[in-house]
Amino acid sequence: MSDDYDVVVVGAGPAGYPAAIRAGQNKLKVACVDEWQNTDGSYAFGGTCLNAGCIPSKALLESSELFQRAKDEFATHGIKVGEVTLDLGAMQKRRASVVKTMTNGINALFKANGVVGIQGHGKLLPGNKVLVKAADGTEKTLEAKNVILASGSTPIRLRSVPHDGKFIVDSWNALEFDTVPKRLGVIGAGVIGLELGSVWRRLGSDVVVLEALEQFLPMVDQTIAKEAQRHFKRQGLDIKLGAKVLSAAVSGNAVDVTYSDAQGEHSLQVDKLVVAVGRRPFTEGLLAEGTGVQLDERGFIKVDEHCGTSVPNVWAIGDVVRGPMLAHKGKEEGVMVADLIAGHYGEVNYKVIPSVIYTQPEIAWVGQTEEQVKASGRPYKTGSFPFAASGRARAMEAGAGMAKIVSAKDDDEVLGIHVIGPMAGELIAEAVLAMEYSASTEDIQRTIHAHPTLSEAIHEAALAVDKKAIDSINR
Ligand SMILES: Cc1cc2nc3c(=O)[nH]c(=O)nc-3n(C[C@H](O)[C@H](O)[C@H](O)COP(=O)(O)OP(=O)(O)OC[C@H]3O[C@@H](n4cnc5c(N)ncnc54)[C@H](O)[C@@H]3O)c2cc1C
C-alpha cells in the first residue's frame with residue numbers, strides 16, 4: 001500500500017480512534033498512528049482512556065464496590081457469605097483483562113473499517129506530512145491530505161512533590177498497586193482523586209485527600225456537592241479542604257508530606273501518595289519546526305469551533321484542545337472532523353456535554369448548575385426528588401442522593417440536570433437527550449417513565465419544579 005492517505009490521525013485514544021473509524025466509514029483512505037506503550041512494554045491502541053484511565057478505573061471501582069457490598073450489605077439482603085477476603089492479585093488480573101479486551105477490540109474495529117493502524121511515534125512535518133517512527137525503529141513519511149492531531153494529555157506533576165512511580169505516583173501507577181496501601185494520601189479532590197481514593201478506601205486503606213481549594217467540587221451544583229461530601233465523610237474519606245501541599249519526600253518505605261491550611265502547617269506520613277491535580281495537553285515531539293500549528297499559553301493546540309488548527313487541513317481534537325478533558329467530548333470531535341473532511345455536516349454541541357464522577361453514590365450532571373444560572377441573572381425554578389422516595393432505589397438498598405432540575409422561569413427550558421445517586425451516570429443520558437432537543441420541564445413531566453425504575457427520579461424532579469411531584473412532598 002502506498003503511503004499517501006486522505007487522512008492520517010496521530011493518536012488512537014478515544015478522540016483519535018473514532019476519528020479514524022469514521023474516516024474509514026466515509027470511504028477515506030486513513031491511517032492512525034499511536035505510540036502508547038504499557039508498563040510491560042506492549043503497544044496498545046486506546047490511549048489514556050482504555051489503558052490507564054476510564055476503563056481500568058471503572059473496572060476497579062466495580063470490583064471494590066462489590067467487595068465492600070459483600071462485606072457490609074449482603075447481610076441486610078439476608079445473604080450469609082462468611083468472611084469476605086480480598087484477592088487483590090485476581091482483582092488486578094481482571095482489570096488488566098478488561099483493558100486488553102477493549103484495546104484488542106480497536107484492532108478489530110480498525111480492520112473492519114479499513115483503517116491502517118500503525119504502532120509508533122508520529123510527528124507533523126511542514127506541508128501536511130507525518131514522519132512515523134514505527135515500533136520496530138523503521139521510519140517513513142506519510143503524505144496526507146488531512147492530518148488530525150489527537151495526542152491527548154498527561155498528568156500534571158508538582159515540583160515540590162517529586163514523582164518516583166513507586167511511592168509518589170500518578171493516577172496510572174495508582175491503578176496498578178499490587179498491595180493495598182495502609183495509609184494513602186491523594187493530592188487533589190477532583191474526579192480522578194475521588195475515584196481513586198474511593199477504590200483504595202473500599203479495599204481497606206486509610207485515605208487522606210488534600211485539596212488546595214476551600215470549596216468542594218466547585219464545578220458541581222453545590223446542593224449535590226454538599227450531599228456528596230457528607231457521604232464521602234461517612235465512608236471514611238478524610239477530605240481536607242484548603243490544604244496546600246508544601247513538600248513530599250520518600251523516607252524509607254513511606255512518604256513524609258507537609259501541607260498548610262488556615263490552622264497552620266501540618267505534617268503527615270503515608271505509604272503511597274497519589275498526585276491527581278489535573279492533566280495538561282501533550283504535544284512533546286508532535287510538531288516539527290515550521291508546521292505553523294499554534295499552541296495557546298497553556299499549551300493546548302489552538303482550534304476553531306470545528307477543531308481546525310491555524311493550518312489548513314490540519315485538525316486537532318480531544319484533550320489536546322480546549323474544553324473538558326473527557327473521552328466522549330473527544331469522540332464527538334473526532335467524528336465531527338472526519339465527517340467535515342468527507343464533506344458531510346458535523347458539529348459538537350459543547351453546551352450539552354455530560355460529566356460523571358463514578359464514586360458511590362455516583363454523581364452526574366449536564367448543563368448549568370443552580371449557581372451558574374443564578375449568576376447569569378436569568379429567573380429560574382428548581383425541583384428535586386430524593387432517591388429515598390424511589391421504590392427501585394430502596395429495593396436496591398441505594399436510597400442515598402437525589403435528582404435535581406434547574407429550569408428557566410420565563411419559557412420553562414431545562415437549563416441543567418444534576419444527579420447524585422445509584423447509576424447517575426446512566427440516568428444522565430435522558431437529561432442530555434432532553435437538553436439536546438431543548439426540552440422544557442413540561443416535556444419531561446409528560447414523558448412516561450417505567451415503574452419502578454431509577455429514571456422516575458428525573459420525572460419526579462421535573463414535576464417538583466412546578467410543585468406537582470406525586471411521590472414526594474412538594475416544598
Ligand atoms: C484515571 C483516569 C480516569 C478517567 N476516567 C474518565 C471517565 O470515566 N470518563 C471520561 O470521559 N474521561 C475519563 N478520563 C479522561 C480521559 O481518559 C481523557 O479525556 C481521554 O483519554 C482523552 O482522549 P484523547 O484521545 O484526547 O487522548 P488520550 O487518551 O491521552 O490518547 C492520546 C494517544 O495519543 C498517543 N500519542 C501522543 N502523542 C503521539 C505521537 N506524537 N505519536 C503517536 N502517538 C501519540 C498517546 O500515546 C495516546 O495513546 C480519565 C482519565 C484518567 C487519567
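Quick notes
- In the frame of its principal axes, the chain has Cα extents of 67, 62, 47 Å, reported largest first.
- Label-to-label distance, Glu426 versus Thr447, with points set 7 angstrom from Cα along the beta-carbon direction: 1.7 nm.
- Rounded to the nearest 500, the 222 nm mean residue ellipticity of the chain from helices alone is -9000 deg cm²/dmol, with -39,500 (n - 2.57) taken per DSSP H run of at least 4 residues.
- The chain: DSSP helices with Cα axial extent of at least 30 Å and average Kyte-Doolittle hydropathy no lower than -1.0: 88-112
- The alpha carbon convex hull volume per residue for the stretch 359-475 rounds to 92 Å³.
- The stretch 95-212 - Debye-derived log10 I(q)/I(0), Cα point model, q = 0.09, 0.15, 0.22 Å⁻¹: -0.44, -0.91, -1.22
- Solvent accessible area, Å² - Phe385, 1.4 Å probe, full protein context: 10 Å²
- The loop-placed GluC sites (Glu not before Pro) in the stretch 381-475, going by DSSP, that have at most 14 neighbouring Cβ atoms within 10 Å of their Cβ come out as Glu397.
- Pairs over the 20 Å Cα-Cα cut-off, from the set Lys27/Lys111; Lys100/Lys133; Lys329/Lys409: Lys100/Lys133; Lys329/Lys409.
- Kirkwood hydrodynamic radius over Cα pairs of the stretch 203-351, then Stokes diffusion coefficient at 37 °C and 0.692 mPa s, in µm²/s: 172 µm²/s
- Solvent-accessible area of Arg183 with every protein chain in place, 1.4 Å probe, in Å² to the nearest 10: 80 Å²
- Cα→Cβ-extended label distance, 7 Å offset, between Asn107 and Lys351, nm: 4.4 nm
- With protein chains left intact and a 1.4 Å probe, residues in the stretch 156-219 average 41 Å² of accessible area per residue.
- Non-local lysine pairs in the stretch 161-290, meaning eight or more places apart or on different chains, with alpha-carbon distances under 20 Å, amount to 9.
- Ranked order, Ser390, Ser267, Ser160 - accessible area, probe 1.4 Å, largest first: Ser267, Ser160, Ser390
- Spatially proximal aspartates and glutamates relative to Lys71 (Cα-Cα < 18 Å; intrachain offsets below 8 disregarded): Glu62, Glu83, Asp87, Asp206, Glu397
- Separation of alpha-carbon centers, the stretch 348-392 and the stretch 22-69, rounded to whole Å: 28 Å
- Accessible carbon and sulfur surface of the chain relative to its total accessible area, %, 1.4 Å: 52 percent
- Measuring nothing but how far apart in sequence close Cα pairs (under 8 Å, 6+ apart) lie, relative to its length, the chain scores a relative contact order of 14 percent.
- Taking 0.36 nm per residue of separation and subtracting the Cα-Cα distance, full extension of the segment from Arg298 to Glu62 would add 81.5 nm.
- Of the residues Met396, Met423, ranked by 1.4 Å probe accessible area with the largest first, the sequence reads Met423, Met396.
- For Arg394 and His306, the difference between the fully extended length at 0.36 nm per residue and the C-alpha to C-alpha distance is 27.2 nm.
- Note on the stretch 251-339: Rg/Rh from C-alpha atoms, Kirkwood Rh, equals 1.21.
- Whichever aspartates and glutamates have a C-alpha closer than 15 Å to that of Lys302, once near sequence neighbours (fewer than 8 apart) are set aside: Asp319, Glu333
- Candidate aspartates and glutamates for bridging to Lys140, where Cα separation is under 17 Å - those fewer than 8 sequence places away on the same chain excluded: Asp3, Asp4, Asp6, Asp34, Glu35
- Met219 accessible area, 1.4 Å probe, all protein chains in place, Å² to nearest 10: 80 Å²
The values are calculated or read from the model by the stated rules, or taken from the named source; none is laboratory data. These numbers were taken from a predicted model, which means no experiment stands behind them. Cβ atoms come from the backbone with ideal geometry, glycine included; neighbour counts cover every protein chain shown. Ligands, DNA and RNA are excluded from the accessible area calculation, which covers all protein heavy atoms including side chains. Shrake-Rupley method; radii C 1.70, N 1.55, O 1.52, S 1.80 Å.
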